[in-house]
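Below you'll find the structure, written out as structure tokens, and then a few comments.
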Amino acid sequence: MNARKKMLLVSYLFPPIGGGGVTRAVKMAKYLAESGWEVHVLTVEEAYYATKDESLLKELPPNVIIHRAKEWNPLAGVRAAKATGNTQTQGAADKKSTGSVRDPGIRQKVKQAVVSMLKKAKNTLMIPDDMIGWLPDAVKVGEQVIRQHQIPVIFSTSGPYTCHLVARNLKRKTGVSWIADFRDPWTQNMHRPGIAWREEWEEKMERSVMRESDAITTVTSGFADNFQRKFGREASRIEVIYNGFDPNDYQNIETFPDDGKFTLIYTGILYKERNPRLFLEAVAELVDEGKIDRSMIRLRFAGVFDYPGYTENIDCVHRFKLEDVVEIMGNLPHKKALAAMKASDVLLLIGDTAPGSGVYIPGKLYEYMAINHPILALSVEGESTKIIRKFGLGEVVEPLNKEEMKTAFLKLYENWKEQRNEEKTKPNDILRRAFEGDLAIYNRQIQAKQLGQLMEEYIR
């Protein structure tokens, strides 16, 4: 191994934390290590998080060394307790498991009041994000790792944006090269607090990251264009390294029980601007109109259906009397999620509806692409819909148009009825094309190679 091929990967989101935001860091670490890099990961100590997946750690080779720094977070203690008190939103969506919630006692009410107060306070105390309490110890541990192992280059990936502030401090202290990776925009993000003084402060932070880093990487050409327009003077270099999928994850996916129903699955986190409520209403109307047989359909949701403390989505299931149709699977290990996708007939992609969301590409789109089943995308026009149409991956529907949803759902349902007796497994040309064809830019192994080549430019 080249003695200089060492790197520090700064990523708060790293196993055993699970979910879509973790995958880019994990796969970069894995394939950089396999190609000869000594990869040091700076991440948070194990603590409560909304999603968890211990199995991802098993993917990493021995030359991925993980260093964990402590986080101070006043929300952490009550956050975990609050999640435990709302597990009914993650169980099976039947009348028994999702019935009325018992009236909370005095202690629980006090705890909820404290949580509410802390959530309001975080907009003025926790900037740029809830993970800022990780920064002091992360900088301390990171500096020790860089000096002890003589690491010449840092790669920080966000969110959270605190990762870049950690890397910025480390560059200032050690002078090593630094590449800042944005999986999502920062001050150009569609989800912003809307507090003027905070926006101004965070913009100064972001400009300093653009100015002090040696290169910027991001995951879509739309993000890169927006960065160039806003930070062209500060950013010396902006490169696109897409998100994608790892073909090795799809070679031998385990079987998953097939109950003979027309099954759609959504995997991932749902929240205010990305929710299934209009879609559920559309399906309920198709059932009521007699156009689909409710006993022959199943809607599966794997991941976070309702965040702890919220019940809007499960309330919608009850309102439209879809308890026998909707199956809430909760968080699944990555391999189990892939098995559930493979066993489904249609892969449901629910996009954000906020202004500017067209430049985003949900990471799950690439996983859906690799599974090679039809996609039903409830997405505004933009980069995701271009990919779906370009590669003929499925149906695209405007996410606020219920009639379009009904038409697309019915079309896929009728196609399924015609083809349900045919062999479900079909040749997956997608994986071959990811190695040697037009989909190679979405191959995690090739993306790690791109990053490795970029880093080598800064350690010669």
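What follows draws every value from the coordinates through simple rules; no lab data is involved. Everything numeric in this text was worked out from a predicted model, so none of it was measured. When we count neighbours, we look across all protein chains shown, and the Cβ atoms used for this are built from the backbone with ideal geometry, even at glycine.
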Top positive-direction residue, dipole computed over region 247-429 with Cβ charges, set Met296, Ile388, Thr311 = Ile388
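Translational diffusion coefficient, Stokes-Einstein: compute it for region 247-429 using the Kirkwood radius over C-alpha pairs as Rh, at 10 °C and 1.306 mPa s, and state it as an integer in µm² s⁻¹.
Working: Rh = 16.7 Å.
The calculation lands on 95 µm²/s.
Using only helices, what value at 222 nm comes out for the chain when you add -39,500 (n - 2.57) per DSSP H run of length 4 or more and divide by the total residues, to the nearest 500 deg cm²/dmol?
Numbers: 15 runs with 186 residues, N = 460.
Value at 222 nm, helices only: -12500 deg cm²/dmol.
List the GluC sites (Glu not before Pro) within region 345-414 that DSSP assigns to loop and that have no more than 14 neighbouring Cβ atoms inside 10 Å. Please report the intermediate quantities before stating the final value.
Working: sites: Glu367, Glu381, Glu383, Glu395, Glu403, Glu404, Glu414; in loops: Glu381.
Taking region 345-414 and a limit of 14 other Cβ atoms within 10 Å, the loop GluC sites (Glu not before Pro) found are Glu381.
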Using alpha carbon centers only, region 336-408 is separated from region 245-314 by a whole-angstrom value of 12 Å
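For Asp352, Asp184, what's the fewest-to-most ordering of other Cβ within 10 Å of each Cβ? Numbers along the way, then the final one.
Values: Asp352 22, Asp184 18.
Going from sparsest to densest Cβ surroundings: Asp184, Asp352.
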Quick one: length gained pulling Lys411 to Gln144 fully straight, 0.36 nm per residue minus the C-alpha distance?
-> 90.3 nm
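Please report Rg over Rh for the chain, where both radii come from the alpha carbon positions and Rh follows the Kirkwood definition. Could the numbers behind the result be given before it?
On the way: Rg = 22.5 Å, Rh = 23.4 Å.
That ratio is 0.96, to two decimals.
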Built amide H within the under 5 Å cut-off of Asp181, gap 5+ = Ser156, Thr157, Ser158, Thr217
